[in-house]
Amino acid sequence: MSSIFIPEDQDVRQRIQESLDENLFVVAGAGTGKTSSLVDRIVGLVASGRASLDRVAAITFTESAAAELRDRIRESLERAAADGDRPEKEKAHCTQGVADLDRAAIQTLHSFAGSLLRERPLEAGLPPAFDTLDQIAADMAFGEAWSTWLDNALDDTDLQPALRIALSMGLTLNHLYQVARSFHTNYDLLEEAAFPDTPPSPPEAAAALVEQAPELERLCTFSKIGEGDQLLAHVRGVVGVSLRLNGM
């Protein structure tokens, strides 16, 4: 005769489900039942009358996870509404929860933020008919903006001397692209960022690097790993810079 399985952390799971008047931070590995505990907690909030489902926000990372969470909440509310052991008041709350499901904020963070902004677009400084881009459209828009900037930068006579020196020193267009991409991804951190002018290296530093290039090349021969040696790759890059400096 098989016994009912009871997890070792059942008391914690029970607390998530029933301790509805406190904030909880739950950390657990994949497949341990975090979503089930979240569903139980939401059903508990609705059934107890502490919150109607249209006033609950359940945020996930992906659209598929949000759709799965919505389906599981619907199923759990329907079961609770049909549970004969529940008080009639709780069953009524769960029935209303099913009706409120389409108004619940069970969505990704981007979708949730978008819905808030659509409610108050003018207060947020946005046009009422604004739309959000999916990842593919956003990547395409960034690619177009990058291409436009690069074309203008390469034609800018004020930038050409600096770009010429940078490219001759080993900087690539891909390096510039990655910097632009990083700025784009972290645009919210740039508002108060300061980029002070970096003074150019003294000529003595460049001369010393050129002078030591042969020794650096000699040391490269001692690498036992070969092409997989990251330090070897770095030193070779430095040697390349010194050779370009020597030719300037």
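Taking segment 220-240, which residues are without any contact (Cβ under 8 Å) to a residue 24 or more places away in the chain and exposed (fewer than 14 other Cβ atoms within 10 Å of the Cβ)? Across segment 220-240, the qualifying residues are T221, F222, K224, I225, G226, E227, G228, Q230, L231, A233, H234.
The one condition from (1) β-branched (V, I, T); (2) open to solvent by 60 Å² or more (accessible area, probe 1.4 Å); (3) within 30 Å of R79 (Cα to Cα) that I106 does not meet is (2).
Cβ-Cβ contacts under 6 Å between residues 6 or more apart (or on different chains), taken from a first residue in segment 45-74 that is touching a residue at least 24 places away in the same chain (Cβ under 8 Å) and at negative phi to a second residue that is loosely packed, with under 14 Cβ neighbours inside 10 Å and among the hydrophobic types (A, V, I, L, M, F, W, C), are listed as I59/L109. Only one of the numbered conditions (1) without any contact (Cβ under 8 Å) to a residue 24 or more places away in the chain; (2) under 24 Å from the mean Cα position of the chain (by Cα); (3) within 29 Å of D11 (Cα to Cα) is not met by A105, and that is (1). For segment 64-175, the helices (runs of 4 or more DSSP H) that sit wholly inside it and include 2 or more residues that are in contact with a helix residue (DSSP H, G or I) (Cβ under 9 Å, 6 or more places away or on another chain) and modelled with pLDDT under 85 are 160-168.
Name the one entry in F142, F112 that is open to solvent by 30 Å² or more (accessible area, probe 1.4 Å), aromatic (F, W, Y), out of contact with any Cys (no Cβ under 7 Å at 6 or more places or on another chain) and in contact (Cβ under 8 Å) with a residue 40 or more places away in the chain.
F112
The values are calculated or read from the model by the stated rules, or taken from the named source; none is laboratory data. Values in this document were obtained by computation on a predicted structure and should not be read as measured data. Methodologically, a virtual Cβ is constructed for each residue, glycine included, from the backbone with ideal geometry; neighbour enumeration extends over all protein chains shown. Only protein heavy atoms, including side chains, enter the accessible area calculation; ligands, DNA and RNA are left aside. Shrake-Rupley method; radii C 1.70, N 1.55, O 1.52, S 1.80 Å.
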